[in-house]
Every structure is written in structure tokens, then in C-alpha cells.
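Written below as C-alpha cells is the structure these notes are about.
The values are calculated or read from the model by the stated rules, or taken from the named source; none is laboratory data. Keep in mind that what you see is a predicted model, and the values were worked out from it rather than measured. All Cβ positions, even for glycine, are placed from backbone atoms using ideal geometry, and neighbour counts span all protein chains on display.
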Amino acid sequence: MSGWRCAVTAETHSPRSHPSIADAASCAFVTNAKDTNVRVVAGAVTLGRVEDTEHHASPDFPQVIQETLDSLPRALRDRISNVEIVVEDEPPRGSGLLGLYQGVPLTKRTHWYSFALPDKISIYRGPIERLSGGDHGRLEAEVRHVVLHELAHHFGISDERLLEIGRY
């Protein structure tokens, strides 16, 4: 299956406040409803709940991912389609990635998209924990930032566009 590969790297990540994808999409409200069309794999979030598998992900990762998804406006959450968020220990060797989107963005899907495997968002625990330096607050902010960045790619927002609007 063809698709985009977009990523946040430790080298390109900026240590600023972490805006939400809702800001980038100019949405005005936030809700805490717990229903999403996303599956998070911790080693997994399935339609609004976190499945903790035998994977050794920090317990904070699935919880922060779920809280991030829950904080999105309902209109955005309802548009998330056929995507799995996976917490992995490390990125591919030498890549320096914090997260990676692999799939077909919503803006590129056509009627031929039916029965496709889920898009995949990988969140890499190791580099995010190292970047956070043991600071729990920063860890949560970094996980949130990477999840929102990769979700932006699911919505068809490129790295270039994120840079243009100051949300990279």
C-alpha cells in the first residue's frame, strides 16, 4: 500500500509550548468525551480505551495518548479513521525519530481505500524519555506533542505546513 511517511525527530523538535491539533485546525472547543475511532497499542487505545499489553511501555504513555485523544474536539475525533497508535521502545536504528506516521492521509483517500489495513502512528518511548530527562511534566508534554504532530499527518497536514503555521 502506498502512503506518506512523516515524522518528528529529536533534531527538528522545538522545546516550546505544545499546541494542540485543534489550534492548527482553528477549532474552538475541547471536550473530554472518551469515544474515538483510534486504537492505541502499548507494546494498545481501542475505540476509546487503552489496552495494556505485555509490552514494556511506561504506564504514562498509553494514559497520555488517551488523554490527548480525549482532549480533541468531537468534530476532529469523529474524523479520525482507521488508525492505530503504537508505543514502541525505539525507532529504527540511526533515525532519531520520536514518532512516525505511516499510512494514507484522510485527504488522499478515495473510494478505492476500502478494506485497507489501519494507518499506523508509532510513538517511540526511548527517545522521548531521554529527551524528557526524567521530568514527568515534560514527558507528558512531549508525548502529547508527538501524538498531535503525527495525527496532523493523518489529517493530511505536511511538515512544511506545520512549520508555516508555527506548529511543528
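This table checks each residue for (1) in contact with a helix residue (DSSP H, G or I) (Cβ under 8 Å, 6 or more places away or on another chain); (2) more than 15 Å from residue 72 (Cβ to Cβ).
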{"site": "107", "(1), (2)": "no, yes"}
{"site": "110", "(1), (2)": "no, yes"}
{"site": "125", "(1), (2)": "yes, yes"}
{"site": "134", "(1), (2)": "no, yes"}
{"site": "137", "(1), (2)": "no, yes"}
{"site": "148", "(1), (2)": "yes, no"}
{"site": "155", "(1), (2)": "yes, no"}
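For the condition at negative phi, touching a Cys at 6+ places or on another chain (Cβ under 9 Å), at pLDDT 95 or above and among the aliphatic types (A, V, I, L, M), what is the one hit in 100, 76, 72?
Selected residue: 100, the only one of 100, 76, 72 that is at negative phi, touching a Cys at 6+ places or on another chain (Cβ under 9 Å), at pLDDT 95 or above and among the aliphatic types (A, V, I, L, M).
Rundown of residues vs (1) closer than 23 Å to residue 162 by Cβ; (2) among the polar types (S, T, N, Q); (3) touching a Gly at 6+ places or on another chain (Cβ under 6 Å), yes/no style:
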position	(1), (2), (3)
91	yes, no, no
132	yes, yes, no
135	no, no, no
145	yes, no, no
